[in-house]
Amino acid sequence: MPQKKRIRLLSLLFLLLFAGLYISLVKGSVKTSFVDLWNFLVHSDQTHAQIFIHLRLSRAILAFLVGASLSLSGAILQGYFQNPMAGPFVVGVSSGASFGAVLALILGLNISFWGFSLQNVFAFGSGFAIVSLVYILSQRRGVFKMETLLLTGIAAGALASSLTSFLIFFKSESFEQAVFWLLGSFQLADWNHIRVIFPIFILCFLMSQRLAKDMNLLVMGDEIAQSLGCSVNRTRKIFLVVSTLLASSSVSVSGIIGFVGLIIPHWVRLLIGPDHRYLFISSSIMGGVFLMFCDFLARTIFSGSELPIGIITAAVGAPFFIYLLNQRR
Amino acid sequence: MKTILKFAAPALYFLFIFNPISHANQSLTIKDDLGNTHVLGDPPQRIISLAPNVTEILFALGLENRIIGVTRFCNHPPEAQTKNRIGGMVDPDLEKIIALHPDLIIAFRGNPLRLVQRIKSLDLPVFVLESGTTLESVLSLIQRIGRVTRKEKTAKNLTDHLNRRFNKIKERLNNVRTRPKVFINLHGKGLWTSGKNSFMNDMVREARGRNIAGEVTRAWFSYNREELIHKNPDLILVLAKTEKDFLEVKTWFSQEAHLESIHAVQNDKFSFLDEDLVTRPGPRIFEAFAQLARILHPSCFKDEK
């Protein structure tokens with residue numbers, strides 16, 4: 001029975017993925033139709049190449065990858081902390097990464113090699129610092145206190161956000177940067193961003209898929225997992241690095257985008273159950289599709305101007321999350 | 001591209017030496033303020049402006065028929081509003097820009113750097129200008145836009161005219177003894193004012209006034225109330241879009257009990273300047289300067305009428 005459900009969900013997601021790609025390609029502020037797209041595919045011209053490939057396709061793919069990374073990160077964290085309320089934003093990784101990225105930007109560290117910039121390194125470093133801090137503080141004599149975890153995460157995240165705002169306030173003349181880093185945007189997405197995030201996502205995805213069985217054991221408690229042959233410490237370390245890497249690389253290309261990493265894995269677990277072997281892949285695809293549609297809304301809902309995507313994900317995500325919580329009760 | 005330039009440069013050099021006509025042409029390239037080299041060819045025919053002041057300069061240079069796109073903030077001259085809108089200064093619509101097939105996009109400091117780089121990466125011909133912080137720098141801004149649009153002559157005439165006007169007003173102020181203390185207040189954002197790195201500051205200085213926020217090295221920021229009372233300005237200069245907004249600010253200042261001790265409030269010294277006029281580094285900023293000089297030193301302009 002669950003097998004059937006899982007297959008049904010995955011095929012539905014792939015269908016939505018193609019639908020999302022299609023409307024992302026065909027709809028935009030410049031009126032284009034399927035015929036234009038077809039003509040472009042048959043004999044390409046420069047204008048349409050720029051609009052279809054360099055603006056719309058790169059943007060849709062980047063939104064997909066960021067959404068997938070954030071929800072995979074959320075799925076890992078929720079398993080890791082055995083708490084459905086965990087997510088990259090809740091435990092403070094996103095805010096920490098955003099602080100690192102802004103710091104690198106303000107220090108003028110624009111050095112990059114192979115599309116991998118110092119900004120990414122900073123984002124990862126400070127994201128990882130925050131999540132480690134939260135991890136250490138919420139551990140009391142080797143036992144996790146879930147309330148402490150959430151509260152520490154929220155506090156650490158708020159601290160990082162305030163430092164980010166401080167840097168932006170002092171160093172930047174424009175409000176635009178603040179909006180980008182605190183609410184997220186794909187407005188300036190290009191293929192270079194994809195070059196950064198794609199290999200990281202694939203690597204992290206394969207890693208977590210490989211260790212999904214161990215995650216299933218960890219959920220039963222560290223002692224049981226250890227006795228069943230899982231090397232708990234090593235697995236935990238790897239998962240923490242992987243989830244931080246996913247969240248921080250997302251933040252460094254698109255700013256903080258809330259809610260995706262929280263609701264998507266949560267919803268997927270309600271739909272197909274807690275087996276991480278299926279949870280990871282389904283969350284990734286669902287998160288990607290969700291963010292692709294959100295970004296489509298962000299750029300088409302008002303003609304002539306664009307909404308920061310964080311507004312859309314929160315507006316769609318929050319009510320839905322409340323609905324889910326109510327359902328369960 | 002770079003290699004082409006490498007080969008082309010010596011060739012051009014010889015052309016200059018042996019061809020007396022191209023001597024008059026000076027060089028054929030111009031650098032923008034990001035250091036990118038821009039080749040000057042035929043006059044651009046399809047120009048997109050990414051800022052209101054750029055639009056005003058383009059119109060002043062007589063290029064109205066070559067402008068194909070402006071931002072939603074470009075409201076002057078009124079004909080600018082009939083042009084294609086390509087979005088705002090920080091969120092222009094890249095698709096629309098591409099579809100308009102521009103042969104020149106003029107960006108300004110108000111456009112985020114990331115955005116300008118994205119436009120460049122789409123192989124669009126973008127020319128970026130820093131704003132500077134003095135009235136003098138507006139003249140060179142106009143000349144550079146004149147150069148890149150191949151309207152050098154019109155630009156020269158325009159800047160000469162503006163410069164003459166500028167100097168005439170400065171001459172009138174030569175004998176001024178007192179320099180009134182001015183508090184600049186932008187309507188609608190609390191005590192939002194402009195510091196050292198702004199056109200407003202230079203304008204007040206040139207008009208023989210003292211900007212009380214002039215020692216703060218920022219362009220725009222929110223001023224402290226205590227500091228305002230302490231500095232005690234003689235005049236409050238309100239930058240607003242409409243007369244109604246101006247009156248609103250004036251009423252606010254007059255009704256706040258703790259601001260009673262300020263000279264400007266006691267003597268009812270409030271003046272109104274059009275926000276668009278003073279915040280856009282374009283030809284009209286000299287009109288704003290003339291108005292400000294009259295506000296600060298009316299006695300110097302008595303004989304005018």
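Residue check, B:GLN143 against (1) in contact with a helix residue (DSSP H, G or I) (Cβ under 7 Å, 6 or more places away or on another chain); (2) touching a residue at least 24 places away in the same chain (Cβ under 8 Å); (3) not assigned by TED's automatic domain parsing to the domain that holds B:PHE221, all met but one. Which one?
For B:GLN143, the exception is condition (2).
Looking at (1) within 19 Å of the chain's Cα centre (by Cα); (2) surrounded by fewer than 15 Cβ atoms within 10 Å (Cβ to Cβ), which one does A:CYS204 not meet, given that it meets all the others?
Among (1) within 19 Å of the chain's Cα centre (by Cα); (2) surrounded by fewer than 15 Cβ atoms within 10 Å (Cβ to Cβ), A:CYS204 violates only (2).
Going through the range A:76-105 one residue at a time, which ones are within 14 Å of another protein chain (Cβ to nearest Cβ) and touching a Ser or Thr at 6+ places or on another chain (Cβ under 6 Å)?
A:ALA101, A:VAL102
Considering only residues that are buried (at least 20 other Cβ atoms within 10 Å of the Cβ) and small (Gly, Ala, Ser), look in the range A:213-246 and name the one that is nearest to A:PHE124 (Cα to Cα).
Among residues in the range A:213-246 that are buried (at least 20 other Cβ atoms within 10 Å of the Cβ) and small (Gly, Ala, Ser), the one nearest to A:PHE124 (Cα to Cα) is A:SER243.
Please go through the range A:83-103 and give me each residue that is under 10 Å from A:LEU149 (Cβ atoms) and among the small types (Gly, Ala, Ser), ordered by number.
The answer is A:ALA86, and nothing else.
Residue by residue, here is whether (1) surrounded by fewer than 20 Cβ atoms within 10 Å (Cβ to Cβ); (2) within 20 Å of the chain's Cα centre (by Cα) holds:
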site	(1), (2)
B:THR149	no, yes
B:ALA155	no, yes
B:LEU162	no, yes
B:ASN167	yes, yes
B:LYS170	yes, yes
B:LEU173	yes, no
B:ARG177	yes, no
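Is it fair to say A:VAL268 is at pLDDT below 90, part of a helix (DSSP H, G or I) and surrounded by 20 or more Cβ atoms within 10 Å (Cβ to Cβ)?
no
Of all residues in the range B:242-251, which are without any contact (Cβ under 8 Å) to a residue 12 or more places away in the chain, surrounded by fewer than 12 Cβ atoms within 10 Å (Cβ to Cβ) and not polar (S, T, N, Q)?
B:LYS244
Look through A:LEU10, A:LEU62, A:LEU72, A:LEU41 and report the one residue that is surrounded by fewer than 20 Cβ atoms within 10 Å (Cβ to Cβ) and under 30 Å from A:VAL91 (Cα atoms).
Selected residue: A:LEU10, the only one of A:LEU10, A:LEU62, A:LEU72, A:LEU41 that is surrounded by fewer than 20 Cβ atoms within 10 Å (Cβ to Cβ) and under 30 Å from A:VAL91 (Cα atoms).
Kindly check whether there is at least one residue in the range B:91-106 that is among the small types (Gly, Ala, Ser) and at pLDDT below 90.
Within the range B:91-106 (the criterion being among the small types (Gly, Ala, Ser) and at pLDDT below 90), the answer is no, since none of the residues qualifies.
Within the range B:230-260, restricting attention to residues that are at pLDDT 90 or above and either assigned to a loop (DSSP other than H, G, I, E, B) or assigned by TED's automatic domain parsing to the domain that holds B:LEU58 (or both), which residue is nearest to B:GLU136 (Cα to Cα)?
Top of the filtered list is B:LYS241.
Filter the range A:1-41 for residues that are assigned to a loop (DSSP other than H, G, I, E, B) and not charged (D, E, K, R); which is modelled with the lowest pLDDT?
The qualifying residue modelled with the lowest pLDDT is A:MET1.
Filtering the range B:83-98 down to residues that are at the interface with chain A (Cβ under 7 Å from one of its Cβ atoms) and among the hydrophobic types (A, V, I, L, M, F, W, C), which residue is surrounded by the most Cβ atoms within 10 Å (Cβ to Cβ)?
Within the range B:83-98, the match that is surrounded by the most Cβ atoms within 10 Å (Cβ to Cβ) is B:LEU94.
Of the numbered conditions (1) within 16 Å of B:ILE48 (Cα to Cα); (2) crowded, with 21+ Cβ neighbours inside 10 Å, B:ASP123 fails exactly one; give the number of that condition.
Only one criterion in (1) within 16 Å of B:ILE48 (Cα to Cα); (2) crowded, with 21+ Cβ neighbours inside 10 Å is unmet by B:ASP123, namely (2).
Just to verify a result, which residue in the range A:231-255, among those that are small (Gly, Ala, Ser) and touching a Leu at 6+ places or on another chain (Cβ under 6 Å), is nearest to A:SER95 (Cα to Cα)?
A:SER250
List pairs: first residue in the range A:306-329 and assigned to a helix (DSSP H, G or I), second residue not hydrophobic (A, V, I, L, M, F, W, C) anywhere in the structure, Cβ distance under 7 angstrom, at least six positions apart or on different chains.
A:ILE309/A:GLY184; A:ILE309/A:SER185; A:ILE309/A:ASP295; A:GLY310/A:GLY184; A:GLY310/A:GLY258; A:THR313/A:GLY258; A:ALA314/A:GLY258; A:LEU324/A:HIS266
Answer yes or no as to whether B:GLU79 is within 17 Å of B:ASP276 (Cβ to Cβ), part of a helix (DSSP H, G or I), in contact with an Asp or Glu (Cβ under 7 Å, 6 or more places away or on another chain) and away from chain A (no Cβ under 13 Å).
The answer is yes for B:GLU79.
Within the range A:5-48, how many residues turn out to be within 14 Å of chain B (Cβ to nearest Cβ) and either closer than 13 Å to A:PHE290 by Cα or in contact (Cβ under 8 Å) with a residue 60 or more places away in the chain (or both)?
Looking only at that region, the number is 4.
Quick check on the range A:62-75. Is at least one of its residues out of contact with any Cys (no Cβ under 9 Å at 6 or more places or on another chain), farther than 23 Å from A:ALA160 by Cα and within 13 Å of another protein chain (Cβ to nearest Cβ)?
Yes, the conditions are met somewhere in the range A:62-75.
Looking for something hydroxyl-bearing (Ser, Thr, Tyr), without any contact (Cβ under 8 Å) to a residue 40 or more places away in the chain and surrounded by fewer than 22 Cβ atoms within 10 Å (Cβ to Cβ) - is there at least one such residue anywhere in the range B:190-208?
No, the conditions are met nowhere in the range B:190-208.
So which of B:ALA51, B:ALA9 is of a type in the set (A, V, I, L, M), outside the structural domain of B:ILE142 (by TED's automatic domain parsing) and at pLDDT 50 or above?
B:ALA9
Going by what's in this entry, would B:LEU58 be described as closer than 20 Å to B:PRO43 by Cβ, at the interface with chain A (Cβ under 10 Å from one of its Cβ atoms), touching a residue at least 12 places away in the same chain (Cβ under 8 Å) and not aromatic (Phe, Trp, Tyr)?
no
I'm trying to understand the selection: among the residues of the range A:268-313, which are of a type in the set (Val, Ile, Thr) and more than 14 Å from chain B (Cβ to nearest Cβ)?
A:VAL268, A:ILE272, A:ILE281, A:ILE285, A:VAL289, A:ILE312, A:THR313 - these are the residues of the range A:268-313 that are of a type in the set (Val, Ile, Thr) and more than 14 Å from chain B (Cβ to nearest Cβ).
The values are calculated or read from the model by the stated rules, or taken from the named source; none is laboratory data. Since this is a predicted model, take the numbers as computed values, not measurements. Note: ideal-geometry Cβ built from the backbone for every residue, glycine included; neighbour counts use all protein chains shown.
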